[in-house]
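Data block below; observations after.
The values are calculated or read from the model by the stated rules, or taken from the named source; none is laboratory data. Predicted model only: the values in this text are computed from it and were never measured. Here the Cβ positions follow ideal geometry from the backbone for every residue, glycine too, while neighbour counts run over all protein chains shown.
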Amino acid sequence: MDNVNLSSDPEEDVLELVHRVMHQVRSQQYQVLRDGPHDITHMESKVLSYFGRHPGATQSDLARDTGRDKAQLARLIKGLRERGLLAGEADAADRRHVRLGLTPAGKAVLAGLRQQGRRLAVKAVAGMDARERAQLLGLLQRVSANLDAPAS
């Protein structure tokens, strides 16, 4: 346990530990792909995942649904297309819009990410029984709801 960043304030320690856990997850999840033929970043994986769930969506759909900067997304999409992970096709009704989808290579990368994510999820809750997993999930949902609530 990293005690360097822990304080005497338990509320701050919760967020520090959540941050540390997410760093561990991302590090272990992307290590598999960094060592393989595709060096995938966290944001690239989010884009692949989006088009895996929404084949035929446009860059504008992605920007609207994620709230991300259009220029940043344009660069990500361009890079993924250049690497053969995303393909685009002009919309039949409006040629100005490009419908995007995963290529077979993109589907393989996404499948690898999902498989690694499942392995990490199992590893993360090892030794916890169903009650403990449900309790942890409930507590994290409460933290998330607290952060989404308007400031009082």
Restricting the stretch 59-83 to residues that are of a type in the set (S, T, N, Q) and within 17 Å of R99 (Cβ to Cβ), the one surrounded by the fewest Cβ atoms within 10 Å (Cβ to Cβ) turns out to be S60
Checked the stretch 130-152 for anything surrounded by 11 or more Cβ atoms within 10 Å (Cβ to Cβ) and either among the charged types (D, E, K, R) or more than 25 Å from G52 (Cβ to Cβ) (or both); matches are E132, R133, A134, Q135, L136, L139, V143
Give me the pairs: first residue in the stretch 85-104 and exposed (fewer than 10 other Cβ atoms within 10 Å of the Cβ), second residue part of a strand (DSSP E or B) and among the basic types (K, R), beta-carbon distance under 9 Å, and six or more apart or on different chains, which are they?
-> A92/R99
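Given the residues G52, G56, which is the only one that is farther than 21 Å from A124 by Cα, touching a helix residue (DSSP H, G or I) at 6+ places or on another chain (Cβ under 6 Å) and either surrounded by 15 or more Cβ atoms within 10 Å (Cβ to Cβ) or in contact (Cβ under 8 Å) with a residue 40 or more places away in the chain (or both)? If you could, list the steps in order and put the result at the bottom.
On the way: G56 fails: touching a helix residue (DSSP H, G or I) at 6+ places or on another chain (Cβ under 6 Å).
When all the criteria are applied, what remains is G52.
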Of everything in the stretch 105-129 that's charged (D, E, K, R) and over 23 Å from S27 (Cβ atoms), which residue is surrounded by the most Cβ atoms within 10 Å (Cβ to Cβ)?
-> K107
For the subset of the stretch 71-129 comprising residues that are closer than 11 Å to L48 by Cβ and of a type in the set (G, A, S), which member is modelled with the lowest pLDDT?
-> G112
Check Q116 against each of (1) more than 16 Å from the chain's Cα centre (by Cα); (2) within 27 Å of D35 (Cβ to Cβ); (3) among the polar types (S, T, N, Q) and name the one condition it does not meet.
-> (1)
If you take the residues of the stretch 40-94 that are closer than 19 Å to K107 by Cβ and among the basic types (K, R), which of them is nearest to the chain's Cα centre (by Cα)?
-> K46
Tell me which of these A151 doesn't satisfy, since it passes every other one: (1) closer than 30 Å to I40 by Cβ; (2) part of a loop (DSSP other than H, G, I, E, B); (3) not acidic (D, E).
-> (1)
Tell me, which helices (runs of 4 or more DSSP H) wholly within the stretch 3-115 include 2 or more residues that are closer than 30 Å to Q141 by Cβ and acidic (D, E)?
-> 10-34, 59-66
